[in-house]
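The values are calculated or read from the model by the stated rules, or taken from the named source; none is laboratory data. Fair warning: this is a prediction, and the values are worked out from it, not measured in the lab. Counting neighbours? That spans all protein chains shown, and the Cβs are built from the backbone with ideal geometry, glycine included. These accessible areas exclude ligands, DNA and RNA; they are computed on the full protein's heavy atoms, side chains included. Shrake-Rupley method; radii C 1.70, N 1.55, O 1.52, S 1.80 Å.
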Amino acid sequence: MNQFEDHDAQRSQRAIDRVRDLLNPDRLSVADRIAQLYDEYIALDRDAQLREALTASVASVTTPITGKPDKRRIVAVCGASGAGKTTAIVKHLKSLKAMASYVDEDGVMIHPVIFLEAPSPCPPRLLAIAGLEALGHTPPDRIRENEAWLLFRRLLKVHKVMWVVIDEAQHAIESATIREATVIGDAFKNLTQMPDWPVRLILVGVPPLASFLARKQLYNRRTVIPFESIDVDGNTDLADSILKTIVIEHARMEIQIDLETGDFLKRLMQACGAEFGSLVQMIRAAVETAMLAGREHVLIDDFVRTYASFSGCRPSKNVFKADNWEELDPTTALLRDDDRAWEENQLKSKGKNATKYGVRPQ
């Protein structure tokens, strides 16, 4: 951390401390308890696979640069939105000492890992510019595509960056032309094959990232970890385990919900799209609601309120209350009649047939 970053961190902490000073002790205690709840991490079987891939990526650095390139220079985490991909990546990267920031022999703070989020839309030039900005550089407004990539590769070496994490990586190719997809594929390959400073890529994204990684340019250079849905043939055992882990072990509270005879767990999975990250987020938010209410137990009403807040649904369309809950789609719960009419008109104006709301027309 340089002196400017340190100054900004101190200013931020002073602002936070000011707000904390305005809260009464009881409310502050709840806030700290909530913060601790959100700081917990729940590992699944896939975490072992991810950890192994990242550890292999670190090990690949020890291979002489002049040696034959191995197949561990691209790690890709693919899964639907809400699967918990980014949280898992951040958690594991922080635990690897080789990826931690350090002060080099010249007294300069080095960050071996940089994070960037692919913009949307994301032609190759903008992706290179996003990389330059992640390095702290502002390129010229009129910089050309090839110049941006050349500068990015050179500065990665200057800053001693060994790993580049690209979140929302699907933005780079979901609307790309054949030419743009080829350019980005070549750019990824070139980053991992720079003769004097090969970097490792960590790509995080939703479909069509997996399809893109199947292309010949990258097939032999990547390790893919799929983050699947937790709904395995409608099995609610995992959801039950996660619920109890968060409420009982992490929050040290009670669950006053019938989990044995009712359909609560199935409703919970429906509300979260059966995605692990969304499930954890919703359970924690429901626990937070109970904490703020001054209770030491969690009720169904906490989930009713949480889902309403997350989805913007009408009371009669709440997954935790409605009789037709299996037919309800959380991703489109916010839409009203005016929204639906607007979407239909937009599709018709483009010469396309109306599709299910929230589904991208093909």
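Within this structure, Ser316 fails the test of being open to solvent by less than 30 Å² (accessible area, probe 1.4 Å), modelled with pLDDT under 95 and not aliphatic (A, V, I, L, M). If only residues of the range 122-133 that are without any contact (Cβ under 8 Å) to a residue 24 or more places away in the chain and either of a type in the set (Gly, Ala, Ser) or surrounded by fewer than 17 Cβ atoms within 10 Å (Cβ to Cβ) (or both) are counted, the one that is farthest from Asn190 (Cα to Cα) is Glu133. Looking at Thr182, is it more than 24 Å from Ile42 (Cβ to Cβ), β-branched (Val, Ile, Thr) and loosely packed, with under 14 Cβ neighbours inside 10 Å? Spelling it out, it is not the case that Thr182 is more than 24 Å from Ile42 (Cβ to Cβ), β-branched (Val, Ile, Thr) and loosely packed, with under 14 Cβ neighbours inside 10 Å. With the condition kept exactly as written, say whether any residue in the range 137-149 is acidic (Asp, Glu), assigned to a helix (DSSP H, G or I) and surrounded by 17 or more Cβ atoms within 10 Å (Cβ to Cβ). The answer is yes; a qualifying residue exists.
Quick one: which residue in Ser241, Ser229 is closer than 28 Å to Pro207 by Cβ, out of contact with any strand residue (DSSP E or B) (no Cβ under 9 Å at 6 or more places or on another chain) and surrounded by fewer than 17 Cβ atoms within 10 Å (Cβ to Cβ)?
Values: Ser229 fails: out of contact with any strand residue (DSSP E or B) (no Cβ under 9 Å at 6 or more places or on another chain).
On inspection, the qualifying residue turns out to be Ser241.
State yes or no: is Gly277 part of a helix (DSSP H, G or I), touching a Ser or Thr at 6+ places or on another chain (Cβ under 9 Å) and either touching a residue at least 40 places away in the same chain (Cβ under 8 Å) or farther than 19 Å from Gly82 by Cα (or both)? Yes.
Can you tell me which residue among Ser211, Ser175 is free of Cβ contacts under 8 Å to residues at least 12 places away in the same chain and within 21 Å of the chain's Cα centre (by Cα)? Full working, then the answer.
Details: Ser175 fails: free of Cβ contacts under 8 Å to residues at least 12 places away in the same chain.
Exactly one of Ser211, Ser175 is free of Cβ contacts under 8 Å to residues at least 12 places away in the same chain and within 21 Å of the chain's Cα centre (by Cα), namely Ser211.
All conditions but one from (1) open to solvent by 10 Å² or more (accessible area, probe 1.4 Å); (2) at pLDDT 95 or above; (3) more than 22 Å from the chain's Cα centre (by Cα) apply to Asp302; the one that does not is (1).
Does any residue of the range 189-197 turn out to be over 24 Å from Met99 (Cβ atoms) and in a helix (DSSP H, G or I)?
No, the conditions are met nowhere in the range 189-197.
In summary, Asp45 fulfils each of the numbered conditions (1) closer than 22 Å to Tyr102 by Cβ; (2) out of contact with any Ser or Thr (no Cβ under 9 Å at 6 or more places or on another chain); (3) at pLDDT 85 or above; (4) charged (D, E, K, R) with the single exception of condition (1). Of the set (1) among the small types (Gly, Ala, Ser); (2) over 23 Å from Ser60 (Cα atoms); (3) at pLDDT below 80, all apply to Ala210 but (2). Take the range 273-286 and flag every residue that is within 13 Å of Ile242 (Cα to Cα), open to solvent by less than 50 Å² (accessible area, probe 1.4 Å) and of a type outside the set (Lys, Arg). Matches in the range 273-286: Ala274, Glu275, Phe276, Gly277, Ser278, Leu279, Val280, Met282, Ile283. Among the residues of the range 166-183, the ones that are outside any helix (DSSP H, G or I) and touching a Leu at 6+ places or on another chain (Cβ under 7 Å) come to 1 in all.
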